[in-house]
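Everything below concerns the one structure shown next.
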Amino acid sequence: DSGLPLGLAADATYAESNFELAAGEQFTLLTDGVVEARSKTKELFGFERAVAISGQSAGQIAETAVAFGQEDDVTVLTIRRRITEEIASAADAAPRLASSPA
């Protein structure tokens with residue numbers, strides 16, 4: 001839904017949506033600074049480019065927009081639901097504290 005940007009008006013109301021990410025899926029939010037980035041020739045980064053790189057990390061998306069030609073703030077937030085195997089592998093790779101009998 002379209003409407004006022006978040007935080008612009010204290011009394012603004014917004015539509016709410018609920019969804020659930022399946023394992024391995026991600027949800028990415030970005031500010032208009034990404035799609036409105038302009039090259040030196042004044043070409044907009046645009047929605048098509050933003051969609052094309054939306055599977056990348058938040059940092060990579062922000063870096064790409066800034067490199068293209070930043071004119072506005074660039075903020076990207078990605079929320080990714082981990083796959084169970086990733087969680088198990090990360091736990092196995094995590095350093096463990098050794099304890100000695102007292």
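The values are calculated or read from the model by the stated rules, or taken from the named source; none is laboratory data. Quick caveat: nothing in here was measured; it's all calculated off a predicted structure. Here Cβ is always computed from backbone atoms with ideal geometry, including for glycine, and neighbour counts include all displayed protein chains. Accessible surface areas use protein heavy atoms only, side chains included; no ligands, DNA or RNA. Shrake-Rupley method; radii C 1.70, N 1.55, O 1.52, S 1.80 Å.
Summary of computed values
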| item | result |
| --- | --- |
| Accessible area in the full protein assembly, largest first, 1.4 Å probe, for Asp72, Asp11 | Asp11, Asp72 |
| Inter-site label distance for Arg82 and Val51 at 7 Å from Cα along Cβ, in nm | 3.2 nm |
| Descending principal axes extents, segment 1-66, alpha-carbon based, whole Å | 39, 35, 18 |
| Net charge over other residues, Cβ less than 15 angstrom from the Cβ of Glu63 (K, R count +1; D, E count -1) | 0 |
| In sequence order, calculated HN-Hα J values of segment 14-28 (Karplus, 6.51, -1.76, 1.60; Hz; x Gly/Pro) | 10, 6, 10, 9, 10, 7, 10, 7, 7, 3, x, 7, 9, 10, 10 |
| Trypsin sites (Lys or Arg not before Pro) lying in DSSP loop within segment 23-54, provided at most 10 other Cβ fall within 10 Å | Lys40, Lys42 |
